[in-house]
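The values are calculated or read from the model by the stated rules, or taken from the named source; none is laboratory data. This structure is a prediction, so every number in the text was calculated from the model and none was measured. Using ideal geometry, Cβ is built from the backbone for each residue, glycine included, and neighbour counts are taken over all protein chains shown. When the accessible area is computed, the model is the full protein with side chains, heavy atoms only, and any ligands, DNA or RNA have been set aside. Shrake-Rupley method; radii C 1.70, N 1.55, O 1.52, S 1.80 Å.
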Amino acid sequence: MKRLVRFTLNGAVREEAVADNILLLDYLRDGLGLTGTKTGCDGGECGACTVLVDGQPAFSCLMLAGALDGKTIETIEGLAEGGRLSVIQQSFHENLGAQCGYCTPGLVMASEGLLRTNPAPSEGEIRAALAANICRCTGYVKIIEAVEKAAARLRGEAAA
Ligand code: FES
Ligand code: FES
């Protein structure tokens, strides 16, 4: 069975018929070609599939696309503007917050969700906000630094 859903994806309103049983993660990747959102554990354990739903980080592997009606979805593809990385993306790049990069889209989206609600998070608050996002490469120190520096830049306390 399919159902009609109307939602906003990366700033554009869409109306689509989606299968009742398709996960948001699979819909984004296989249905729309938005492969920036990664499949990791496929079971709510790793955070690789994190997107923003109504501005809040959410695991797209735990949500059905059929539940999108009326919601606003943001994926990693929606962050860059005019070919320029967002402040958080740029900070991950500059501060070596990514190694293999597989976890990075999920971490960037979780960080984006955090900094929208808490523009000056402590290290502990950053670690808590990213606790559900697993990285096997970096040891997290560079990721935390990247978020701290992005936050400072967004507050106008560091050079853009
Ligand atoms: S793929 Fe969704 S939490 Fe791991
Ligand atoms: S950079 Fe490789 S898993 Fe995080």
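A few remarks follow.
- For the stretch 125-135, Karplus couplings with θ = phi - 60° (6.51, -1.76, 1.60), whole Hz, Gly/Pro x: 5, 5, 4, 5, 5, 9, 4, 8, 10, 8, 10
- Among the protein heavy atoms, those of ARG3 account for about 120 Å² of accessible surface (1.4 Å probe, every chain in place).
- Heavy atoms of the protein chains alone define the surface here; on that basis the chain has 51 Å² accessible area per residue at 1.4 Å probe size.
- Among the helices of the chain, those built from whole DSSP H runs whose Cα atoms reach 15 Å or more along their own axis and whose mean Kyte-Doolittle hydropathy is at least -0.5 are 104-117, 141-154.
- Distance from the C-alpha centroid of the stretch 137-160 to that of the stretch 56-127: 13 Å, rounded to the whole angstrom.
- Kirkwood Rh and Cα Rg combined as Rg over Rh, evaluated for the stretch 67-125: 1.00
- By a 1.4 Å probe calculation restricted to protein chains, GLU45 has an accessible surface near 130 Å², given to the nearest 10.
- Cα-based radius of gyration of the chain once divided by 2.2 N^0.38 Å, which approximates compact folds: 1.03
- Based on Cα contacts under 8 Å between residues 6+ apart, the stretch 87-154 shows a relative contact order of 52 percent.
- The listed residues MET63, MET1, MET109 rank as MET1, MET63, MET109 when sorted by accessible area, largest first, using a 1.4 Å probe.
- In this Cβ point-charge picture (+1 for Lys and Arg, -1 for Asp and Glu), the stretch 2-77 has a dipole of about 120 debye about its Cα centre.
- Ranked by solvent-accessible area (1.4 Å probe, protein heavy atoms only, all chains present), the residues LYS149, LYS38, LYS2 order from largest to smallest as LYS2, LYS149, LYS38.
- Accessible-area rank, largest first, for ARG84, ARG153, ARG127: ARG84, ARG127, ARG153, with all protein chains present and a 1.4 angstrom probe.
- Taking the alpha carbon gyration tensor of the stretch 2-77, multiplying each eigenvalue by 5 and rooting it gives semi-axes of 18, 14, 11 Å, largest first.
- Carbon + sulfur, % of accessible area of the chain - ligands and nucleic acids excluded, 1.4 Å: 50 percent
- Solvent-accessible area of THR72 with every protein chain in place, 1.4 Å probe, in Å² to the nearest 10: 60 Å²
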